Structures are given as structure tokens and as C-alpha cells.
Amino acid sequence: MKQALIFTSDPAKALDEALAAEENRHPGSLFILTDENSARCCLPLLKESRAAADAKIITIGAGDSNKNIRSLEEVWTTLTGGGATRGSVMVNLGGGMVTDLGGFAAATFKRGIRFINIPTTLLSAVDAAVGGKTGINFCGLKNEIGSFREAETVIISAAFYSTLPYGELLSGYGEVLKHALIDSPEAVAEALKINLQEVCLTQLEGILQRSVRVKQRIVAEDPFEHGIRRALNLGHTAAHAFEALAMERRRPLAHGIAVAHGLVTDLVMSHLRLGFPSDTLHQVASFVRDNYPAPEFTCKEYGALTDFMRHDKKNRSADAINFTLLSAPGEIKIDCLATDTEISAALDITRDLLGC
Ligand code: GLY
């Protein structure tokens, strides 16, 4: 079944409409999972929903450190204590942490109940909430335990994103750039037109819809990531290494900011190996340099960065490092193996282009 995407300015009405089809739903069978921040800032936007009025609210601690087995147990316990049945529906209202954990709780409770995602950050709207990856962190490893299970419906409302702090907008937009590059030259041109300092909501809504549909199309082709879904890894081999280095220095880097930097590295490599057009590379790099903080690494860290890349869970070979590259926007080449020397050259050019 294809995941339904609803783009709306009225998430409460969209939720009622999504649930209206469920004639057998009895009062009390709806659970809303949220975190402390989303409960305060986003739950009020659902107060006009008739369905939400009789829902049981489950609030867990905010932040990735709470995406763990204890929060999961808390959710399962509340579902059991609240009399949830196989006919119950869970609504996950929050960022990627809530949609990942809530999706996994729903996927495993009584062997699976239906769930609806309402992402409240741009990053979760363009990435985590769509495509069925659910899970929790375990033993210090990110998303170590999880499943593929798609939300029945994803309700995406720019009403949540208009008040996002600038850093969160930047982070979400890193994934938007990635989808545009995977899609087409036209999508890249459209994505680069935005003024992130003064976002026009109508323009953002249009870009967001296009971006989410790119992900939906790729996931529909390869839901379990055996092949083309790895296109969504564009920028991420380098990005995960930048995040790991930042974490080691105890100065965490927002995921989508690392992705924006990682995209530049991957486009440099795409240019060197596959002839990706240099004018598009320079346009993307200028956009990242003008809008994002500069990456914080020097040539002294190249060894550490390539080690992080080698040990990334998505890397399949001990001898070389796996990248998704492009010969042009929309022309995807998965499973490209690169040597440490090639990666160091790409990191040198990334630093030149991004002014660090
Ligand atoms: N975040 C990449 C994917 O969903 O495959």
C-alpha cells in the first residue's frame, strides 16, 4: 500500500480526515506520542481535532538520547495499560526521534498497529517521517534496532516549520538539497533560489512537496534498501564522518548541516570521477558556503575522517569506502568505491570551496 502524503495548512483537520475512513475505530483507541518540546509547541495545533480530543497522550523526553529502549518500554507500557488493541492507531507528533521510536513501537506492538506521522521539523518532514525506517539507538549505536514499516499517512504542515529556529531550518534544508540533486537539474535550480534568511512560506511549501515526493518515489522502487534506495545516501558517507568527528570533540553538528557539507564533498568526487558538471558543483558549494557554518576540520583530521567512513555501518568493504555519486543531477551511481587518496583530494577541494 502506498503511503498517503497530506500537505496541509491545517493539521487538525487533516488528522480528522485521515481517521474518518476508520469506521470501526472506537473512542479511546487513539494514542498520540510526542516529546516534551513538541507537546508544548506543536500539540496545541491539534486542539481543534475531534479525534485528538479523546486520544491518550504519551509524552517522552526530548532529544536523541531518549531514543532508547527505556522510552520504548514506556510507550509499550502505556499502550498496554491504556487498553490498546490491534485496531488502535498511534499518531507520532514530533521530529525524527519521535517518528522513528513511535513507528517502531507501533510496528512491534501486538505485531503491528497502524500509525500516522505528523513531523514537526523540516528535517523529519523531508526524511525520517517518510519511507518506513523506524527504530531506536542501542548500546551506543544509532538506529541499531529497528524495522521497515511505513506510516499509513504522513501529514506535513508548514504551520510547524514557520517558527523553526534558523539552525533547524538549515539542517532540514540539507536533505532538501540532497533530494533536489538526486532528482533533476530543474529541482536543483529551484532549491537554490530560496532565501534562507527570509523564507517565503509558499515557496518553501512548494519545494518541500517536491522534495518529499522524490524520497517517496525512490522508496517505492526499493523499500528495503537493496539497491536504488542507497541514492538517499548521497552526501551521507562524508556527513556521518563529520558528525562523528564533531561528536568526538563534544561539539555536536546538526545532521542536515553535516549533510550540506557532505554533499559538497560528494559532488567534488562526482566531478573528478564521473564528470559531474562543474558549474552546478560551484552553485551548490556557493549556496552552502553563503548559508551554512563552515566545516571545522583541517588536513590533520583526514585520517580520522576516512576511518569514520570506513567503519560506517553502511560501508560494505574493509578496503575501500562506499559512496553514492552523480554524473549529473538526477543521474545516480550507487556503490562507487573510493580510496583514501581520492577522499583526501575531495576533502581538500571541499575546504577550498567552503572557505575553511
Ligand atoms: N534516510 C535515508 C532513507 O530513508 O533511506
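The values are calculated or read from the model by the stated rules, or taken from the named source; none is laboratory data. No experiment lies behind these values; they were computed from the predicted model shown. Cβ: placed from backbone, ideal geometry, glycine included. Neighbour counts: every protein chain shown.
Just name the residue that is surrounded by the fewest Cβ atoms within 10 Å (Cβ to Cβ) out of those in the stretch 46-59 that are assigned to a helix (DSSP H, G or I) and in contact with an Asp or Glu (Cβ under 9 Å, 6 or more places away or on another chain).
Arg50
Return the residues of the stretch 116-155 that are crowded, with 24+ Cβ neighbours inside 10 Å, more than 15 Å from the ligand (Cβ to nearest atom) and within 11 Å of Gln3 (Cβ to Cβ); say none if nothing qualifies.
The one that is crowded, with 24+ Cβ neighbours inside 10 Å, more than 15 Å from the ligand (Cβ to nearest atom) and within 11 Å of Gln3 (Cβ to Cβ): Ile116.
Pick from Thr280, Thr265: which is under 16 Å from Ala239 (Cα atoms) and β-branched (Val, Ile, Thr)?
Sole residue among the options that is under 16 Å from Ala239 (Cα atoms) and β-branched (Val, Ile, Thr): Thr265.
Here are Ala14, Ala106, Ala62: which of them is in contact with an Asp or Glu (Cβ under 7 Å, 6 or more places away or on another chain) and at pLDDT 95 or above?
Answer to the selection: Ala62.
Output the residues belonging to the stretch 287-304 that are surrounded by 14 or more Cβ atoms within 10 Å (Cβ to Cβ) and among the polar types (S, T, N, Q).
Asn291 - this is the single residue of the stretch 287-304 that is surrounded by 14 or more Cβ atoms within 10 Å (Cβ to Cβ) and among the polar types (S, T, N, Q).
Determine if the stretch 29-44 includes at least one residue that is among the polar types (S, T, N, Q) and under 30 Å from Arg217 (Cβ atoms).
yes
Check whether at least one residue in the stretch 2-16 is of a type in the set (Lys, Arg), within 23 Å of the chain's Cα centre (by Cα) and in a helix (DSSP H, G or I), and report yes or no.
Looking for residues that are of a type in the set (Lys, Arg), within 23 Å of the chain's Cα centre (by Cα) and in a helix (DSSP H, G or I), one finds none in the stretch 2-16, hence no.
Out of the residues in the stretch 204-214 meeting the condition of being among the hydrophobic types (A, V, I, L, M, F, W, C) and in contact with an Asp or Glu (Cβ under 8 Å, 6 or more places away or on another chain), tell me which one is nearest to the ligand (Cβ to nearest atom).
Val214
What tally of residues in the stretch 94-115 results from selecting those that are within 29 Å of Leu204 (Cα to Cα) and either more than 15 Å from the ligand (Cβ to nearest atom) or free of Cβ contacts under 8 Å to residues at least 12 places away in the same chain (or both)?
Qualifying residue count, the stretch 94-115: 5.
Residue by residue through the stretch 241-270, note down the ones that are on the phi < 0 side of the Ramachandran plot and not hydrophobic (A, V, I, L, M, F, W, C).
Within the stretch 241-270, Glu243, Glu248, Arg249, Arg251, Pro252, His255, Gly256, His261, Gly262, Thr265, Asp266, Ser270 qualify.
Only residues that are under 12 Å from Tyr292 (Cβ atoms), within 16 Å of the ligand (Cβ to nearest atom) and surrounded by fewer than 23 Cβ atoms within 10 Å (Cβ to Cβ): list them for the stretch 230-256, please.
Answer for the stretch 230-256, where residues must be under 12 Å from Tyr292 (Cβ atoms), within 16 Å of the ligand (Cβ to nearest atom) and surrounded by fewer than 23 Cβ atoms within 10 Å (Cβ to Cβ): just Ala254.
Condition first: within 30 Å of Thr121 (Cα to Cα) and either of a type in the set (Asp, Glu) or surrounded by fewer than 23 Cβ atoms within 10 Å (Cβ to Cβ) (or both). Now tell me which residues in the stretch 258-280 satisfy that.
Within the stretch 258-280, Asp266, Thr280 qualify.
Matching residues to (1) assigned to a loop (DSSP other than H, G, I, E, B); (2) in contact with a Leu (Cβ under 8 Å, 6 or more places away or on another chain):
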residue: Ala231; (1), (2): no, no
residue: His261; (1), (2): no, yes
residue: Leu267; (1), (2): no, yes
residue: Phe276; (1), (2): yes, yes
residue: Thr306; (1), (2): no, no
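Go through Ser317, Ser286 for me and flag whichever is under 25 Å from Glu144 (Cα atoms) and of a type in the set (Gly, Ala, Ser).
Exactly one of Ser317, Ser286 is under 25 Å from Glu144 (Cα atoms) and of a type in the set (Gly, Ala, Ser), namely Ser317.
What's the number of the only condition in (1) within 16 Å of the ligand (Cβ to nearest atom); (2) surrounded by 15 or more Cβ atoms within 10 Å (Cβ to Cβ) that Arg217 fails to meet?
Status for Arg217: all satisfied but (2).
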